[in-house]
Amino acid sequence: MKKIIALGGSNSKKSINKALAIYAANKIKDSEVTVIDLSKYELPLYGVDLEAESGIPENAVIINNMLESSDAIVVSLAEHNGSYSTAFKNAYDWMSRINQKVWKNKPMLLMTTSPGARGGIGVLESAKMSFPHLGANIIADFSLPSFYDNFSENGLKNEELNNSLNEKIELLEKAI
Ligand SMILES: Cc1cc2nc3c(=O)[nH]c(=O)nc-3n(C[C@H](O)[C@H](O)[C@H](O)COP(=O)(O)O)c2cc1C
């Protein structure tokens, strides 16, 4: 069994990105999925002074260890004003202080979704550029536009998008 991390880049309890990440991760054959739900791993706002005074928070260490012990990472990022959600960026910054290779060269399916027609493409493009510098091995990427029109746990409602995501999941399976 391959250990897959499903991570939604949001601290919303009802995160659509968490839902997409879990959906895609569960489609990977012979795998067991661990969900990193950022709403359950609260972290103080990163600051160099706080780090100097208090060190790395336990929740950042826990997330780091979960990524470390995985075989692959399925992540879907929320887009807030064209960029990462504050909760994701904060966790990301804390983790980068434990190990600069946050993603540990694990094969990654990188996704974004939003209720809008652009599907978080801005944050996707930004992550595609920057994640490799922090140890991401991006095997495939995917953006799901108009989440509430297109998402279904029984398969994406738009056939073209559904086929595209399935192909990307297969690419990830081959890389694990
Ligand atoms: C502060 C804020 C900024 C947002 N900015 C964007 C944006 O730039 N692009 C976009 O497509 N959606 C934007 N949205 C809508 C989010 O895509 C939507 O809230 C989505 O549910 C976030 O993903 P999540 O459910 O995984 O947290 C924004 C939402 C908030 C609260």
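The values are calculated or read from the model by the stated rules, or taken from the named source; none is laboratory data. Please read these numbers as outputs of a predicted model, since none were measured by experiment. Neighbour counts run over all protein chains shown; Cβ positions are idealised from the backbone, glycine included.
Quick rundown of the values:
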| item | result |
| --- | --- |
| Top-ranked residue of the stretch 6-23 - restricted to ones that are surrounded by 24 or more Cβ atoms within 10 Å (Cβ to Cβ) and over 16 Å from residue 148 (Cα atoms), ranked as nearest to the ligand (Cβ to nearest atom) | 10 |
| Selection from the stretch 66-124 of residues that are away from the ligand (no atom under 15 Å from the Cβ), assigned to a strand (DSSP E or B) and not small (Gly, Ala, Ser) | 73, 107, 108, 109 |
| Residue check for residue 63: assigned to a helix (DSSP H, G or I) and away from the ligand (no atom under 16 Å from the Cβ) | yes |
| Candidates 166, 154 - the one that is modelled with pLDDT of 95 or more, exposed (fewer than 15 other Cβ atoms within 10 Å of the Cβ), more than 16 Å from the ligand (Cβ to nearest atom) and not in a strand (DSSP E or B) | 166 |
